[in-house]
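To start, the structure itself, in structure tokens.
The values are calculated or read from the model by the stated rules, or taken from the named source; none is laboratory data. On a predicted model such as this, the values are computed, not experimentally measured, just so you know. Virtual Cβ from ideal backbone geometry, glycine too; neighbours counted across all protein chains shown. Accessible surface is based on the protein model in full, side chains and every heavy atom, while ligands, DNA and RNA are left aside. Shrake-Rupley method; radii C 1.70, N 1.55, O 1.52, S 1.80 Å.
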Amino acid sequence: MRDPREDPELLPLVHRYVLPGRRYLKLGGPLLRMEEGECGRFLRALREDAGAVSAEEIGVLLEGGWRERRTAAWLVAVGGRTEFRERVGGLLLESEVCCAGLAYAVVLAGFGTGRDAELLAAYLERYLRRPAIGYDQAVVWGALLHVDRDRAAALDGLWRKWLRTAPHMRHRGEDPGPGCLSLVRRLCAVVEECAEGVGGDTPGPT
């Protein structure tokens with residue numbers, strides 16, 4: 001994992017794409033709580049950067065910490081950079097850092113192909129069998145429901161067992177799947193809105 005404080009290649013990319021307006025903190029649920037004007041400005045800047053960032057720069061960001069990886073994943077999603085599908089799927093499966101899993105799930109849910117469903121399912125097949133680890137099982141489950149309900153149905157037994165046995169889930173008393181599906185859908189809609197005009201001259205929201 002690359003540390004921008006010690007990496008002269010990564011540091012300028014962090015200042016360019018990750019830190020402005022504390023972007024990395026707003027990518028995800030906080031986007032859905034923004035006021036309309038603030039959200040419009042935020043999405044316009046994100047759209048512009050998704051159109052400007054190079055594949056090489058995304059690759060470098062994906063080697064950083066959670067802030068860099070979360071931001072890079074959103075740039076991939078908004079830019080429709082399907083060439084990063086396998087890379088994002090691999091990072092999700094490895095789960096080396098916290099706070100980036102939802103971003104990876106949104107990327108794959110937004111791409112929405114059979115291969116994306118396979119990558120989401122691979123994560124669930126690994127981590128639903130490890131109930132002591134509270135990673136991103138719930139949001140990935142929501143993403144899989146969004147992409148392929150049949151594949152999710154095949155994992156339903158494993159999901160139900162995880163709900164019963166994961167220590168951090170026992171107190172909830174309800175299935176978080178519907179809520180996570182709603183979250184993923186709403187974030188995918190944001191990606192779609194933001195992606196309009198990437199690389200072109202279409203003005204962003206104001």
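Looking at ARG22, ARG41 in this structure, which one is on the phi > 0 side of the Ramachandran plot and over 13 Å from the mean Cα position of the chain (by Cα)?
ARG22
Given the conditions (1) in a helix (DSSP H, G or I); (2) closer than 20 Å to LEU43 by Cβ, and given that LEU163 satisfies all but one, which numbered condition is not satisfied?
Only one criterion in (1) in a helix (DSSP H, G or I); (2) closer than 20 Å to LEU43 by Cβ is unmet by LEU163, namely (2).
What are the residues in region 75-85 that are in contact (Cβ under 8 Å) with a residue 60 or more places away in the chain and assigned to a helix (DSSP H, G or I), if any?
Those that are in contact (Cβ under 8 Å) with a residue 60 or more places away in the chain and assigned to a helix (DSSP H, G or I): ALA77, VAL78, GLY79.
Out of all the residues in region 86-100, which are in a helix (DSSP H, G or I) and open to solvent by 30 Å² or more (accessible area, probe 1.4 Å)?
GLU86, ARG87, LEU93, GLU94
If you scan region 81-99, which residues turn out to be farther than 15 Å from SER54 by Cβ and not aliphatic (A, V, I, L, M)? Working first, answer last.
Pass one, region 81-99, residues farther than 15 Å from SER54 by Cβ: 82, 85-86, 88-99.
Selection gives THR82, ARG85, GLU86, GLY89, GLY90, GLU94, SER95, GLU96, CYS98, CYS99.
Report yes if some residue within region 196-206 is over 16 Å from the mean Cα position of the chain (by Cα) and more than 29 Å from GLY37 (Cα to Cα); otherwise report no.
The answer is no, given that none of the residues of region 196-206 is over 16 Å from the mean Cα position of the chain (by Cα) and more than 29 Å from GLY37 (Cα to Cα).
Residue under question is TYR24, and the condition is that it be of a type in the set (Ser, Thr, Tyr), modelled with pLDDT of 95 or more, over 25 Å from TYR135 (Cα atoms) and part of a helix (DSSP H, G or I); does it hold?
no
Just a yes or no: is a residue in region 50-73 polar (S, T, N, Q), part of a helix (DSSP H, G or I), surrounded by fewer than 17 Cβ atoms within 10 Å (Cβ to Cβ) and in contact (Cβ under 8 Å) with a residue 12 or more places away in the chain?
So the first thing to find is which residues in region 50-73 are polar (S, T, N, Q), and the list is 54, 71.
Cutting the leftovers down to part of a helix (DSSP H, G or I) gives us 71.
Now restrict to residues that are surrounded by fewer than 17 Cβ atoms within 10 Å (Cβ to Cβ): none.
No, the conditions are met nowhere in region 50-73.
Filter region 123-148 down to residues that are within 16 Å of the chain's Cα centre (by Cα) and part of a helix (DSSP H, G or I), then give me how many there are. Before the answer, list the steps.
So the first thing to find is which residues in region 123-148 are within 16 Å of the chain's Cα centre (by Cα), and the list is 123-124, 135-147.
From what is left, the residues that are part of a helix (DSSP H, G or I) are 123-124, 137-147.
Residues that pass the stated criteria total 13.
Where residues in region 112-123 are within 11 Å of ALA143 (Cα to Cα) and among the aliphatic types (A, V, I, L, M), which of them is surrounded by the fewest Cβ atoms within 10 Å (Cβ to Cβ)?
Pass one, region 112-123, residues within 11 Å of ALA143 (Cα to Cα): 112, 116-117, 119-121.
From the residues that got through so far, the ones that are among the aliphatic types (A, V, I, L, M) too are 117, 119-121.
Working: ALA117: 22, LEU119: 26, LEU120: 29, ALA121: 19.
Selected residue: ALA121.
Search region 148-162 for residues that are surrounded by 12 or more Cβ atoms within 10 Å (Cβ to Cβ) and pair each with any residue that is among the small types (Gly, Ala, Ser) when their beta-carbon atoms are under 6 Å apart and the residues are at least 6 apart or on different chains.
Sorted first by the residue in region 148-162, then by its partner, the pairs are ASP148/ALA117; ARG151/ALA117; ARG151/ALA121.
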